[in-house]
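Worksheet: one structure, shown below.
The values are calculated or read from the model by the stated rules, or taken from the named source; none is laboratory data. This is a predicted model, so every value here is computed, not measured. Positions of Cβ are backbone-derived with ideal geometry, glycine not excepted, and every protein chain shown enters the neighbour counts.
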Amino acid sequence: MNVSLIGMPGAGKSTVGVLLAKRLGYSFLDTDLLLQRQEGALLQTVLDRLGTERFLDVEAEVIAALDCRSTVIAPGGSAVLRDLGARRLKELGPVVFLDLPCEAVERRLGNLATRGVTLAPGQTLEQLYDYRRPFYQKWADLTVNADQPHVEDTVELVLSALQRL
């Protein structure tokens, strides 16, 4: 079984993912790193070069090609925007939505220009949040409140939710 963590950039997918993988005795995989390796550039550079729509297609193709076992997967925040990638995550195991209020996302992210966030021209983070949230809810098997004082608290909530599944 694998576990995929979905949610907005800044929700803690990579941070929670590494700690969760250690607790489960699993490997950890960040699909953004796979995409960067495939494209030979940092995420923001790839996004700038390809544009949002093509970037989302390439991201989905990278996820669709995943073949792993006993792995915690941290896909990019936009992974659920293409059925191809989102379906593959569901096939690989439970999908956990790390839910975080928009204000907390904004606080954690800092400078959006360097984070590889797929904002359309003129789009605000709040608009992106409102657009993506239904996709996270649609594809999630479990939802965990990631707005915790300590990352370990979020890991514990994910573990508890997985045990109930």
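Only one of Met1, Met8 is part of a loop (DSSP other than H, G, I, E, B) and surrounded by fewer than 20 Cβ atoms within 10 Å (Cβ to Cβ); which?
Met1 is the lone residue from the list that is part of a loop (DSSP other than H, G, I, E, B) and surrounded by fewer than 20 Cβ atoms within 10 Å (Cβ to Cβ).
Among what's in segment 19-37 and is surrounded by fewer than 16 Cβ atoms within 10 Å (Cβ to Cβ) and free of Cβ contacts under 8 Å to residues at least 24 places away in the same chain, pick the residue that is farthest from Arg88 (Cα to Cα).
Among those residues, the one meeting the criterion is Lys22.
Just a yes or no: is a residue in segment 93-103 farther than 25 Å from Val58 by Cβ and buried (at least 21 other Cβ atoms within 10 Å of the Cβ)?
Within segment 93-103 (the criterion being farther than 25 Å from Val58 by Cβ and buried (at least 21 other Cβ atoms within 10 Å of the Cβ)), the answer is yes, since at least one residue qualifies.
Only one of (1) touching a residue at least 60 places away in the same chain (Cβ under 8 Å); (2) assigned to a strand (DSSP E or B) is not met by Gln44, so which one is it?
So Gln44 meets the others, but not (2).
Does Thr118 meet the test of being among the β-branched types (Val, Ile, Thr) and under 19 Å from Ala74 (Cα atoms)?
Criteria met by Thr118.
Name the residue that is nearest to Ala11 (Cα to Cα), counting only residues in segment 61-77 that are at pLDDT 95 or above and in a loop (DSSP other than H, G, I, E, B). Show your work before the answer.
Of segment 61-77, the ones at pLDDT 95 or above are 61-75.
After this cut, where a residue has to be in a loop (DSSP other than H, G, I, E, B) as well, the list is 65-70, 75.
Working: Ala65: 24, Leu66: 22, Asp67: 25, Cys68: 23, Arg69: 24, Ser70: 22, Pro75: 12 Å.
Going through the qualifying residues, I end up with Pro75.
Can you go through Ala146, Ala104, Ala74, Ala60 and tell me which one is out of contact with any helix residue (DSSP H, G or I) (no Cβ under 7 Å at 6 or more places or on another chain) and touching a residue at least 12 places away in the same chain (Cβ under 8 Å)?
When all the criteria are applied, what remains is Ala104.
Looking at Ala86, Ala120, which one is in contact (Cβ under 8 Å) with a residue 40 or more places away in the chain, closer than 16 Å to Ala140 by Cα and in contact with a helix residue (DSSP H, G or I) (Cβ under 8 Å, 6 or more places away or on another chain)?
Details: Ala120 fails: closer than 16 Å to Ala140 by Cα.
Within the list Ala86, Ala120, the selection yields Ala86.
Could you run through segment 12-55 and say how many residues are of a type in the set (Lys, Arg) and farther than 22 Å from Thr71 by Cβ?
Residues meeting the conditions: 2.
Within segment 34-52, is there a residue that is among the charged types (D, E, K, R), at pLDDT 95 or above and closer than 17 Å to Leu5 by Cα?
No.
Which of the residues belonging to segment 20-41 are assigned to a helix (DSSP H, G or I) and either out of contact with any Phe, Trp or Tyr (no Cβ under 9 Å at 6 or more places or on another chain) or of a type in the set (Phe, Trp, Tyr) (or both)?
Arg23, Leu24, Thr31, Asp32, Leu33, Leu34, Gln36, Arg37, Gln38, Glu39
Which of the residues spanning segment 104-145 are assigned to a loop (DSSP other than H, G, I, E, B) and either of a type in the set (Lys, Arg) or surrounded by fewer than 19 Cβ atoms within 10 Å (Cβ to Cβ) (or both)?
Gly110, Asn111, Arg115, Leu119, Ala120, Pro121, Gly122, Gln123, Thr124, Asp141
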